[in-house]
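The values are calculated or read from the model by the stated rules, or taken from the named source; none is laboratory data. Note that the coordinates shown come from a computational prediction; the quantities given were computed from them, not determined experimentally. A quick note on method: Cβ atoms are made from the backbone with ideal geometry, for glycine too, and the neighbour counts reach across all protein chains shown. Areas reflect the complete protein model, heavy atoms only, side chains present, ligands, DNA and RNA absent. Shrake-Rupley method; radii C 1.70, N 1.55, O 1.52, S 1.80 Å.
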Amino acid sequence: MKILVINGPNINMLGIREPEIYGKGTYAELCETVKAYCEEKGVSVEIYQSNHEGCLIDKIQQARGTFDGIVINPAAYTHTSIALYDAVKAVGVPTVEVHITDPDERELFRKISYIRPACIATVKGKGFAGYNEAVDILLEAANEGEN
């Protein structure tokens, strides 16, 4: 199985940006956590981060026919981007939305997720471990599809 992990704006600032909310773990540590877990599960993984909506859309579109699943943390674009929703719907690659924090327990505007209806599941509020759970959800979905 081949999974693409996409991270949106400011995720590259983990460890610096509001550590009282996002924790002290860095983006490099997040990437290592995901890579190690995927290796343990026998999954090939590519990790991508951009602060630019169009770049994220391009990466989602490139996943079609290349990846078996997408894990996406759209970050602030969760609450603003219908274009990311459209891209996920268009490519038809099973996608899991993931958030380090639980947006539903934060500011009112964070309760809206435009991408959620295009995803097979959402994992939120579990820190870096949420990415591993998202990988497991994709693995389980792939196994169900084979049966």
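Observations, loosely collected:
- Only Lys, Arg (+1) and Asp, Glu (-1) charged, at Cβ; the chain dipole about Cα centre in debye: 320
- Segment 68-110, relative contact order [Cα under 8 Å, separation at least 6], %: 53
- Other residues lying with their Cβ under 15 Å from the Cβ of E29 contribute a combined charge of +2, Lys and Arg counting +1, Asp and Glu -1.
- Cα pair count fraction exceeding 20 Å, expressed as % - the chain: 42
- Neighbourhood net charge (10 Å Cβ-Cβ; Lys/Arg +1, Asp/Glu -1) for I100: +1
- Taking a straight line from the alpha carbon of K41, these aspartates and glutamates sit under 16 Å away, with near neighbours fewer than eight places off in the same chain left out: E32, D68, E133, D136, E140.
- For the chain, built as a Gaussian network whose Cα springs stay under 10 Å, the top-fluctuating residue of K35, K111, K89: K111
- Dipole of segment 1-112 [Lys/Arg +1, Asp/Glu -1 at C-beta], most positive-end residue of Y37, T66, T101: T66
- Accessible surface, per residue, of the chain when the full set of protein chains is kept, probe 1.4 Å, Å²: 49
- If you take all other residues with their beta carbon under 15 Å from the beta carbon of I57, and give Lys and Arg +1 and Asp and Glu -1, the sum is 0.
- Global size of segment 62-114: 12.0, 37 Å for Rg and Dmax (C-alpha atoms, Rg to one decimal, Dmax whole).
- Normalised by the number of residues in segment 12-130, the average gap of Cα pairs under 8 Å and 6 or more apart makes the relative contact order 22 percent.
- Ordering of 137-145, 95-103 by packing [mean C-beta count within 10 Å, highest first]: 95-103, 137-145
- Dipole magnitude of segment 1-43, debye to nearest 20 (Cβ charges: Lys/Arg +1, Asp/Glu -1, about Cα centre): 160
- Accessible area of the chain belonging to carbon and sulfur atoms, whole % at 1.4 Å probe: 49
- Reported value for segment 1-66: 76 Å³ per residue, from the convex hull of its C-alpha atoms.
- Span from the segment 35-95 Cα centroid across to the segment 1-27 one, whole angstrom: 14
- Calculated FRET efficiency for the pair N143/Q61, C-beta based, R₀ 35 Å, to 0.05: 0.85
- Compared with the alpha-carbon gap, the fully stretched path from R106 to D86 is longer by 4.7 nm at 0.36 nm per residue.
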